[in-house]
Amino acid sequence: MVLMAAPTDDRQISLDEVKAAAAARDLAGLVERLTRERSWSSLAMLFTFVCEPAGVAQVSLLELHGAVKMLDEVLQAFPPQRRARSPLHEELRNARLMAAEALIRRITRPGLGELERSSLRVAAGLLFDAGEFKRAASLYEELGDDSRAGDAFGAMGDLDKMEVALARDEARHRSRTSAVEAMHEFAELLGAGERVAAIAAAGNIPEGIAEAATAHELARRLETKLCRGTAVTLRAADGRTIRLAAVPAVLGRDLGAEVPVRDPGASRRHAAIVLRAGELALEDVGSRGGVRLGGASLAAPLPLRGGGEFALGADCRIEYRTADTTRVILTGLSGLDRQLRAVVGHGALPLGDVLPEAAGLSVAFDTGVARLTRAPGVSVRVDAKYISGGCDLLHGDVIDVRAGAGAALRLEVV
C-alpha cells in the first residue's frame, strides 16, 4: 500500500488522549492513525510520554514494541523522497529517530531477553533508515548481527570495519553450520545406540544454539547411567538374573566385585578368575575361609577346564563349566547363592550360555562400557528402539529380544 501525499495535520492530540489509548491497550492503533495523518508533533508527544515514569507505568515494553513496529510499517509505505533535505524527508527521519530512541531508553542492559533483543533490532533498523549508520552498526554488533552491522559500516563509508564485521558473520555462519552438524551427529549416534560416541559428540555442540542445552543435559544423564566397568547384571521378566563379567573377575561379598556372592562365609574379596597363559584359571585372593576343591584347599591357581565344582568358604558351592578357552559359566549350588548364574571370560560373552532364548546376543567390555551386540537374524530393541549392530548399555535399559520364531524375551539392565 502506498500512502498518498497529504498535508500535515496541525492538530496536536492531548496528553489525555495518549493516556486513554495506553489504558485501552491501543497504543499501536493510535500510532498508526497519527502516522498516516502525519501528525508529527503528536507522535513526538506520545513517544516522550512513554519514556516518562508515568508512561513507563502504563505502557509495557511489549506494547511499545508493537507501536513502534506499526510506525515503521506505515513509514515504509511512504513514497521514496527524491530530495534528501525535503521537509517530508526530515519529518520521516525525525519520526524514526524518536521511535528508536523511545525503544532504546526502555531497555536495560545487560541481560537482554528475546523481547529486548527484538526491540533493539527494530530500533537499529529505524536508525539505519534515518541515516544514523554508526548507531545502527553499534546496535547490530551488540545483537551479534554482523551482516547488518557490515551494511551499516558500508553505508557510512567505513570499509575496514565493514570487512571485519562481514568476516565475523562468516565465522559465525561456519560455527553455526558446524554446530548443526554436531547436533545431527549426536541424534544419529543416540538413535543407533552408540551412547559413548553420542556423549563425545555432544561435547562438540557449542552453547550458542538453542538445542545445545538440551543435548548437553541429555549427555550428562547418559554419562551417569552408562554401565561402566567390566561387569553387568541382566534380569529377565520371570526373575532369572545373570551376571556377565570380564576377567580378571573377583568373586566375593563386596558389592563392587565382578561376581558378587551373598554367603556370609565368603570374604569380601574371596577368589578371582583370571587369564593365565591363554586359559582361564581360579585363584584365592587372600580369603579367610579359602577356596576348596573336593575338600582340599586351593594352594595355587587352578586352570579351569571342562567342568567341576569349587567352594568359597564352608557353604558357598559353585559349579563351573567352560564353554571354550574364552569363558566359563558359573552356577550357584547352595545357600543364598543358589540363583547365581554368571558368564565370566574375555571378549564377547554370549547370553545364550545361560539364557537360551537370548542366543545370538553377546556383551563385551572392551571399551570399559558394557556393550550389547546381536547376531544377524536376531531382532533386538533397547528402550523400544531397534538396534542395528550394537548398543552401549545404560542402567535401567529394557532389552526386548526375538530370535526367529522363538519366544520373546525381555531383560532389564540392573
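The table for this structure:
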| item | result |
| --- | --- |
| Counted residues, region 49-87 - those being surrounded by 15 or more Cβ atoms within 10 Å (Cβ to Cβ) and touching a residue at least 40 places away in the same chain (Cβ under 8 Å) | 16 |
| Residue that is surrounded by the fewest Cβ atoms within 10 Å (Cβ to Cβ), among those in region 244-285 that are of a type in the set (K, R) and within 22 Å of P303 (Cβ to Cβ) | R276 |
| Breaking point among (1) in a loop (DSSP other than H, G, I, E, B); (2) more than 26 Å from D158 (Cα to Cα), for P80 | (2) |
| Subset of region 278-297 [without any contact (Cβ under 8 Å) to a residue 24 or more places away in the chain, farther than 20 Å from D353 by Cβ and of a type outside the set (D, E, K, R)] | G286, G290, V291, L293, G294, G295, A296, S297 |
| Tally of residues being closer than 25 Å to D158 by Cα and either among the acidic types (D, E) or open to solvent by 60 Å² or more (accessible area, probe 1.4 Å) (or both) across region 94-116 | 2 |
| R85 assigned to a helix (DSSP H, G or I) and charged (D, E, K, R) | no |
| Residue within region 146-168 that is touching a helix residue (DSSP H, G or I) at 6+ places or on another chain (Cβ under 7 Å) and surrounded by fewer than 14 Cβ atoms within 10 Å (Cβ to Cβ) present | no |
| Among the candidates G347, G332, G313, G352, residue that is under 14 Å from V259 (Cα atoms) and of a type outside the set (A, V, I, L, M) | G332 |
| Close pairs (7 angstrom Cβ cut-off, 6 or more residues apart or separate chains): in contact (Cβ under 8 Å) with a residue 40 or more places away in the chain in region 246-263, acidic (D, E) anywhere | A249/E258; V261/D337; R262/D337; D263/D315; D263/D337 |
| Filter pass, R305 being open to solvent by 10 Å² or more (accessible area, probe 1.4 Å), charged (D, E, K, R) and closer than 30 Å to I399 by Cα | no |
| Residue in region 38-57 that is within 43 Å of the chain's Cα centre (by Cα) and not in a helix (DSSP H, G or I) present | no |
| Selected residue (only one of V344, V328 is of a type in the set (A, V, I, L, M), open to solvent by less than 60 Å² (accessible area, probe 1.4 Å), under 40 Å from the mean Cα position of the chain (by Cα) and under 18 Å from A281 (Cα atoms)) | V344 |
| Subset of region 286-297 [assigned to a loop (DSSP other than H, G, I, E, B) and either open to solvent by 30 Å² or more (accessible area, probe 1.4 Å) or out of contact with any strand residue (DSSP E or B) (no Cβ under 8 Å at 6 or more places or on another chain) (or both)] | G286, R288, G289, G294, G295 |
| Set A198, A137: member being surrounded by 15 or more Cβ atoms within 10 Å (Cβ to Cβ), in contact with a helix residue (DSSP H, G or I) (Cβ under 9 Å, 6 or more places away or on another chain) and over 23 Å from L393 (Cα atoms) | A137 |
| Search result, residues across region 124-134 that are at negative phi and either under 34 Å from the mean Cα position of the chain (by Cα) or open to solvent by 30 Å² or more (accessible area, probe 1.4 Å) (or both) | A124, F128, D129, E132, F133, K134 |
| Which numbered condition R221 misses (of (1) within 32 Å of the chain's Cα centre (by Cα); (2) within 28 Å of R109 (Cα to Cα)) | (2) |
| Count - residues of region 130-156 that are small (G, A, S), over 22 Å from E90 (Cα atoms) and without any contact (Cβ under 8 Å) to a residue 24 or more places away in the chain | 5 |
| Subset of region 217-243 [surrounded by fewer than 21 Cβ atoms within 10 Å (Cβ to Cβ) and among the aliphatic types (A, V, I, L, M)] | L218, A219, L222, L226, A236, A237 |
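The values are calculated or read from the model by the stated rules, or taken from the named source; none is laboratory data. Just so it is clear, the model here is predicted, and its values are computed rather than measured. Please note: Cβ atoms are built from the backbone with ideal geometry, for glycine as well, and neighbour counts cover all protein chains shown. Ligands, DNA and RNA are excluded from the accessible area calculation, which covers all protein heavy atoms including side chains. Shrake-Rupley method; radii C 1.70, N 1.55, O 1.52, S 1.80 Å.
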